[in-house]
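Participant: I have a structure I would like to understand better, so I am pasting it below and will then ask my questions one at a time.
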Amino acid sequence: MVSETNTSKKVCVIGAGPGGLVAARELRKEGHNVEVLEQNHDVGGQWLYEPKVDQNPLGKDRFLKIHSSIYESLRLTSPREIMGFSDFPFIVKECCSRDMRRFPGHRELLMYLQDFCDKFGLREMIRFNTRVECVEMLDYPVPVNDLKWVVKSKVQKKVVEQVFDAVVVANGHYSQPRLPKIKGMDSWRRKQLHSHIYRVPEPFINEVVVVVGNSLSGQDISMELVNIAKEIHLSVKSITNISQGLSKVISKYDNLHLHPQIDSLHEDGQVVFTDDSMVIADTIIYCTGYSYSFPFLDTKGIVVVDDDRVGPLYEHTFPPSLAPSLSFVGIPRKLIGFPFFESQAKWIAQLLSGKRRLPSCDEMMQSINEFYHSRDIAGIPKHNTHDLACFEYCDKYADYIGFPHLEEWRKELCLSALRNSEFNLETYRDSYEEDEELLKVAHNSSHFTQLGP
């Protein structure tokens, strides 16, 4: 629903990563008074590389001191062409400090976000080095239209308390480690760490390392260790269901071995797998993903994280009984992130101004329950609720606010990178001859030509 009403709200955005930055821009564009609270010294969120790591190697602290999980050698798994915001393409900048590769290192994406921030004058809205300690409702219960939020933040040792009309949570979801439950894990006396604190391979020289999980980070880290560690043992859910690309890598390196899941760990260093094979390991690295975590958020139990299902959230963004005064940017995974964050930000900003309206609370809850039911029927585990992997969903979401659909070239380049990585895991970031025609289409599209020569 569209309205001609336009109301200005005082809005707190939590996090100055990609989602928080584009949210701040769209909120200000819609006439809101915006303040962004960022715990680090600069923008970028996950992409602000931090060589220091949390002291707890498994990342079990409720409030992690280090937000980023980026390791030093990380390169993008998606080509730069598909990643840019709609009016700010991720172009190649030809100067000595920039990474001009299609799949650049993490620093180049950070610099893109810094450029975006400077282009649209967003820094003036951001309070850096500010950790959000608590977000709670003021005088709850009250009618949803009268909701206000108390936000307590800490700068060094000083606690600041403010009241906002609305809060946008954009704190990212690649920081809080998700760990498996393995027999003997708590009593295993050797090194165990989550990939959240992995940075460089040198600490593992001549070690026998077990890497758990063949996610993108598990594959990257395993390949990085082959020239450093004595042996790498990669433990996966199914040894019969790995990509051709990973098979090529395993057959190439004599010290890289494939195993099924771990059955148990033993105090003498034994790692026993479910096929009864075993190794004596020095270190186990868990590349087992991340959990959603909002340790600062108190909604009186209205919004909860249950086995990585954040809910209830209408369209993965709005808790029905608290919307639109509370919203989340960046919850869905396995999408082309930046354009989707932008569509979320536009919808949130227009709802808060009164330009658009949400369905009724009952209608939103019905939609959520239907979505949950469809996932159950499809046999999708609860912890994969927000793994969407669906271009059609992005387009459907865009239709709520009249945002352009993803361009066909953007979809095709995304799929091409996925296919290439499936077959050429070691080389897909640097060898992509099949993309040449699509790249011509992309570079001649309005997305790139809008900036002029």
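Participant: Let me spell out the model: positive unit charges on the Cβ of Lys and Arg, negative unit charges on the Cβ of Asp and Glu, origin at the Cα centre of the range 196-292. What dipole size does that give, in debye rounded to 20?
Facilitator: Magnitude of the dipole: close to 440 debye.
Participant: Hey, got a sec? Which GluC sites (Glu not before Pro) in the range 1-110 land in a DSSP loop and have at most 11 other Cβ atoms within 10 Å?
Facilitator: Loop-located and lightly packed - E4, E94.
Participant: Leaving out ligands, DNA and RNA but keeping every protein chain, what accessible area does I250 have, in Å² rounded to the nearest 10, with a 1.4 Å probe?
Facilitator: 30 Å²
Participant: How far is helix 18-29 tilted, in degrees, relative to the longest principal axis of the Cα atoms in the chain, given as a value from 0 to 90 rounded to the nearest 10?
Facilitator: 10 degrees
Participant: Would you give the gap between the C-alpha center of the range 360-416 and the C-alpha center of the range 302-318, rounded to a whole Å?
Facilitator: That distance is 14 Å.
Participant: Place a +1 charge on the Cβ of each Lys and Arg in the chain and a -1 charge on the Cβ of each Asp and Glu, then give the dipole magnitude about the Cα centre in debye, rounded to the nearest 20.
Facilitator: In total the dipole reaches around 1100 debye.
Participant: For the chain, compute Rg over Rh where Rg is the Cα radius of gyration and Rh is the Kirkwood radius from the inverse mean 1/r over Cα pairs.
Facilitator: Value, to two decimals: 0.97.
Participant: While we're looking at this one, here's another question. Rg (Å, one decimal) plus Dmax (Å, integer) for the alpha carbons of the range 205-339?
Facilitator: 19.8, 57
Participant: Which of G311, L27, L110 sits closest to the plus end of the dipole of the chain, meaning its Cα is farthest towards the positive end, when Lys and Arg get +1 and Asp and Glu get -1 on the C-beta?
Facilitator: L27
Participant: Also, I was wondering about something else. With every protein chain kept in place and ligands, DNA and RNA left out, what is the accessible area per residue of the chain? Probe 1.4 Å, answer in Å².
Facilitator: 46 Å²
Participant: List the aspartates and glutamates whose Cα lies under 12 Å from the Cα of K52, skipping any in the same chain that are fewer than 8 positions away.
Facilitator: Once the sequence-local aspartates and glutamates are set aside, what remains near K52 is E72.
Participant: Hey, another quick one. Tally up the carbon and sulfur contribution to the accessible surface of the chain as a whole percent, 1.4 Å probe, everything protein left in place.
Facilitator: 50 percent
Participant: Hey, another quick one. Looking at the range 131-172, which trypsin sites (Lys or Arg not before Pro) are in a loop (DSSP not H, G, I, E or B) and have at most 15 other Cβ atoms within 10 Å?
Facilitator: When the trypsin sites (Lys or Arg not before Pro) of the range 131-172 are filtered for loop state and at most 15 Cβ neighbours within 10 Å, K157 remain.
Participant: Rank L352, W149, Q450 by how far each Cα sits towards the positive end of the charge dipole of the chain (+1 on Lys, Arg Cβ; -1 on Asp, Glu Cβ) and give me just the farthest.
Facilitator: W149
Participant: Pairing the Cα long axis of helix 106-119 with the longest principal axis of the chain, what angle in degrees results, from 0 to 90 and rounded to the nearest 10?
Facilitator: 10 degrees
Participant: Run the helix sum for the chain: -39,500 (n - 2.57) per DSSP H stretch of 4+ residues, divided by residue count, reported at 222 nm to the nearest 500 deg cm²/dmol.
Facilitator: -8000 deg cm²/dmol
Participant: Give the angle, between 0 and 90 degrees and rounded to the nearest 10, that separates the Cα long axis of helix 361-377 from the longest principal axis of the Cα atoms of the chain.
Facilitator: 20 degrees
Participant: Please name which of S367, V200, G301 has its Cα lying farthest along the dipole of the chain towards the positive end, using unit charges on Cβ (Lys, Arg +1; Asp, Glu -1) and the Cα centre as origin.
Facilitator: After comparing all options, I get G301.
Participant: A further question on this structure: Please list, by residue number, every one of the trypsin sites (Lys or Arg not before Pro) in the range 324-409 that is coil in DSSP and has at most 12 other beta-carbon atoms within 10 Å.
Facilitator: Here the sparse-neighbourhood loop sites are K334.
Participant: Okay, moving on. Explain nothing, just the number: dipole magnitude of the range 12-166 about its Cα centre with +1 on each Lys and Arg Cβ and -1 on each Asp and Glu Cβ, in debye rounded to the nearest 20.
Facilitator: 480 debye
Participant: Would the range 322-453 count as rounded, prolate or oblate if I go by the C-alpha gyration tensor, calling it rounded below 1.5 in a/c and otherwise prolate when a/b exceeds b/c, oblate otherwise?
Facilitator: Verdict is oblate for the range 322-453.
Participant: Determine the alpha carbon to alpha carbon distance for each of K300/K382; K191/K230; K65/K355; K65/K300; K29/K396 and list only those over 27 Å.
Facilitator: Pairs exceeding 27 Å: K65/K355.
The values are calculated or read from the model by the stated rules, or taken from the named source; none is laboratory data. Please read all numbers here as calculations on a predicted model, not as lab measurements. Glycine gets a Cβ as well: all are built from the backbone with ideal geometry, and neighbour counts include every protein chain shown. When the accessible area is computed, the model is the full protein with side chains, heavy atoms only, and any ligands, DNA or RNA have been set aside. Shrake-Rupley method; radii C 1.70, N 1.55, O 1.52, S 1.80 Å.
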